[in-house]
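S.K.: Structure provided below as structure tokens; questions to follow.
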Amino acid sequence: MWLLRSRGCWQAAAALLEPSAAHSPEAALERAELLIERALFENQGWGEAESALRLAEAGARAAADRAAAACARGYLAYCATLLQVHDRLDEAQMALGRASAMLPPDAPGRPLLDFRRGLVAENLLKDPASARTAYRRAHAGAEQQRDDLLLSYTWRHLASIAQQDGNLAGARHGFAESLRLRELAGFAVGIAPALASLAAVSPSPEAVLLRAQAARLVRTFGNVPVWLAEDRAQDGGAVDQRDGQAPGRA
């Protein structure tokens, strides 16, 4: 499953889960998360992601499952708003708030929830102070759980805020850590955005090399992530922080 996901084969991975999704809340949620990530990276398949999430919501009985489904609901709404598919900011905030109310502070799902609340604060509400606080909580939780993929996202977005603050040394360190962890985890489809972000705070000629590597990876994955392909086509290499958002963990 991870091998398919890490290479951007979200539909193939979701298809493997489809037989068990009807009777397994965990499989239904995993399938929904895969299709949400696909929608973010490809900017298509929104209907499939919505249908998969509704199935996961319908099958969730335990509080932890309901909270995880609400967290996914908030993330889907965030992604759709970020990519300007639909304005679903209110839905994103309400769903993530529901998830927070259901999860105790030490729940395994809390770091991912904190990260997604940080995304909403940073990219939709334009509140970097609240985003930084949420990312730091998520980062600490991801470290405790040894979740390298989530850490790659928290490093990336903490670096983004450092970049906004003019702290280029801190931004370079965070983006470099994000890239290292994505390479370590084998998250191949997420490496190009990490390279492009690091390039934005690196001196030439290192920046030129990093952007060239990112461009090759985007072409290898068929112009995925789509926002990076579009930005490069429009202005020759602009960098975007969307994958955290993003992109899910991605």
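The values are calculated or read from the model by the stated rules, or taken from the named source; none is laboratory data. In this text the structure is predicted, and so the values were computed from the model without any measurement. Please note: Cβ atoms are built from the backbone with ideal geometry, for glycine as well, and neighbour counts cover all protein chains shown. Just the protein is used for accessible areas: all its heavy atoms, side chains included, with ligands, DNA and RNA removed. Shrake-Rupley method; radii C 1.70, N 1.55, O 1.52, S 1.80 Å.
S.K.: What order do you get for 114-121, 77-84, 216-223 when each peptide is scored by the mean count of other beta carbon atoms within 10 Å, highest first?
M.R.: 114-121, 77-84, 216-223
S.K.: Sort 124-135, 142-153, 100-111 by packing, meaning the average of other beta carbons within 10 Å per residue, with the highest value first.
M.R.: Answer by packing, highest mean first, reads 142-153, 124-135, 100-111.
S.K.: Taking Cα pairs under 8 Å and at least six residues apart, what relative contact order does the range 1-147 come out at, in percent?
M.R.: Relative CO of the range 1-147 lands at 15 percent.
S.K.: Just the accessible area per residue of the chain, please: how many Å² with a 1.4 Å probe?
M.R.: 43 Å²
S.K.: Could you work out how far apart the two model spin labels at LEU3 and ALA212 are, taking each label as a point 7 Å from the Cα in the direction of the beta carbon, and quote it in nm?
M.R.: In this crude spin-label approximation the distance works out to 3.2 nm.
S.K.: A further question follows. Taking all protein chains as present, what is the carbon and sulfur share of the accessible area of the range 59-127, in % to the nearest whole number, probe 1.4 Å?
M.R.: Carbon and sulfur: 55 percent of the exposed surface of the range 59-127.
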